[in-house]
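Comments concern the structure below.
The values are calculated or read from the model by the stated rules, or taken from the named source; none is laboratory data. Note that the structure is predicted; figures quoted are calculated from it, not measured. Here the Cβ is made from the backbone with ideal geometry for all residues, glycine too, and neighbour counts use every protein chain on show.
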Amino acid sequence: MTVGGGDPHDDVGAYTLHALPPDEEAAFENHLASCAACREEAAGLAATAAMLGAAEHRTPSPEVRRRVLAQIGTVRQERHGERGGEDAGEAVRAARRARRGKRVLGFALAASVAAAAAFGGIAWWQHSEADTAREQVHEANAGAEALAGVLAAPDATISTARLADGATAGVVTSRAKGEAAFIASGLPRLSGAKVYELWYEEGGAYRAAGLLPGAGGELAHVLEGPLDGATAVGITVEPAGGSRQPTTTPLGVIALPA
Amino acid sequence: MDDGAGTGADSEGPPGRERTAGESRVDELLTRAAGGDEQAFAGVYDTLAPPVMGLAFRVLRDEAQAEEVTQEVMVEVWRTADRFRPERGAARNWVLTLAHRRAVDRVRSVVSGRARELRTGARDLDRPFDTVAEEVEEREEHRRVFRCLAELSRQLRLPLVLAYYEGLTYAEVADSLATPAGTIKSRMRRGLRRLRECVESGS
């Protein structure tokens, strides 16, 4: 995670300043999962950085206030236990704290378990730690629930596809919960400042549904925003920070059951 | 407007100190907003939209873009308010961290890395700090942060300023300063630590 050697812990400064490219940021977050001292340092430095940000006040036009207050009437709030991928990471971190010494990467583990649940028996899920991993995630109670909640919903259905780049992807959909989870294995690492972006497709229009790190690999992510009447989930490659509408041809569009 | 940030010398303590009444009030408003209270959220907006907009404008240097980012950030605050944990830090810090992330993502998507390096300009590396320092709010706690920033050596200050206010990645900072990337990372960490120590010592 560090270019040209050096202390990987030095990344905490650049991380706090949002100055790591997406792949290194994802790698450092994985490191944070296993480094309590780093999490503590990151939290302290973030408070200091925020002080730099609080220095200037500028009042936005009244129109911005009006738009925001109008918009919140239509935006569904997240509730505890309904969260996305990063919380799956947090849950696994909690599980890891509970079980000392297991050398597995938090997010990759959650993704593997989710992928196992989605693809059941597919050959790539041959990890020797599978059972331990399942148990760990089962024990964790906070954010993995978001993922597990979708996976375990009584009406959950699974749609899988092979993406243009050869990766395997699946979408677990629960109409009852109004949520979907995207799971992929073998996503290639993207070069430069690029990320994967997920989309809900409804009536030919795309709605942004969250970003995935360009580091690729095995990923699991609860899609952001309501499922509503979406008929498909797409994935594209976008510049860091994501786009409002897809700017590249989707790697895949996975149709959802009605 | 009582913006909850207070104006007195001891109004906003650095991390680690007791929260002030103003800070606690915003924390409480945000907690209520997390439960769906739109009126409480309006209070959060009125208190925190000005610093969010100030930061977005500092990074983006464009009024319309800064307003768009402010709108996105404040809606995100509403949507994800349930993630706010008062025991981990003040609402204002949480919101400004979100705002910085968004502003930096936006500036990277609209201004290429090369252009961001160029706009700081090799002969003009001190300008971002000077302009921020000029316009900084006349509040004691902000003056203290900038006094501390000014006290850092230029070597430690520039990487912080270029990354935080210009949205450069560490690699772009390294390029701008013709310094190895690993050295820049290490200076970013040391710079933030020194800044924190200085602010906490209250000197």
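For this structure, a couple of remarks:
- Every condition in (1) of a type outside the set (A, V, I, L, M); (2) within 14 Å of chain B (Cβ to nearest Cβ); (3) in contact (Cβ under 8 Å) with a residue 40 or more places away in the chain; (4) assigned to a loop (DSSP other than H, G, I, E, B) holds for A:Asp228 except the one numbered (2).
- So B:Leu160, is it at pLDDT below 90 and not assigned by TED's automatic domain parsing to the domain that holds B:Pro50: no
- Residue selected from the stretch A:172-194 under the condition among the small types (Gly, Ala, Ser) and within 14 Å of chain B (Cβ to nearest Cβ), by the criterion surrounded by the fewest Cβ atoms within 10 Å (Cβ to Cβ): A:Ser191
- Check on B:Arg92, farther than 22 Å from A:Leu17 by Cα, basic (Lys, Arg) and either surrounded by fewer than 18 Cβ atoms within 10 Å (Cβ to Cβ) or not assigned by TED's automatic domain parsing to the domain that holds B:Tyr165 (or both): no
- Evaluated against (1) at the interface with chain A (Cβ under 10 Å from one of its Cβ atoms); (2) farther than 29 Å from B:Ala21 by Cα; (3) at pLDDT 90 or above, B:Gly113 falls short on exactly one condition, (3).
- The set of residues in the stretch B:193-203 that are at the interface with chain A (Cβ under 7 Å from one of its Cβ atoms) and among the hydroxyl-bearing types (Ser, Thr, Tyr) is empty.
- Identity of the residue in the stretch A:1-26, more than 18 Å from B:Asp105 (Cα to Cα) and part of a helix (DSSP H, G or I), that ends up modelled with the lowest pLDDT: A:Pro8
- Unmet criterion (only one of (1) surrounded by 17 or more Cβ atoms within 10 Å (Cβ to Cβ); (2) among the acidic types (Asp, Glu); (3) over 27 Å from B:Val75 (Cβ atoms)) for A:Asp155: (1)
- Of the strands (runs of 3 or more DSSP E) lying entirely inside the stretch A:118-225, the ones with 2 or more residues being modelled with pLDDT of 50 or more and within 15 Å of A:Pro250 (Cα to Cα) are found at A:157-162, A:168-174, A:179-187, A:194-202, A:205-212.
- Matching residues in the stretch B:73-88 - criterion: being surrounded by fewer than 20 Cβ atoms within 10 Å (Cβ to Cβ) and out of contact with any Leu (no Cβ under 9 Å at 6 or more places or on another chain): B:Val75, B:Arg79, B:Asp82, B:Arg83, B:Arg85, B:Glu87, B:Arg88
- Test: residue in the stretch B:179-193 that is at pLDDT 95 or above, out of contact with any Asp or Glu (no Cβ under 9 Å at 6 or more places or on another chain) and within 21 Å of B:Asn93 (Cβ to Cβ): yes
- Among the residues making up the stretch B:175-192, those that are surrounded by fewer than 24 Cβ atoms within 10 Å (Cβ to Cβ) and more than 7 Å from chain A (Cβ to nearest Cβ) are B:Asp175, B:Ser176, B:Leu177, B:Ala178, B:Thr179, B:Thr183, B:Arg190.
- Qualifying residue in the stretch A:28-45 (condition: acidic (Asp, Glu), in contact (Cβ under 8 Å) with a residue 60 or more places away in the chain, more than 7 Å from chain B (Cβ to nearest Cβ) and assigned to a helix (DSSP H, G or I)): yes
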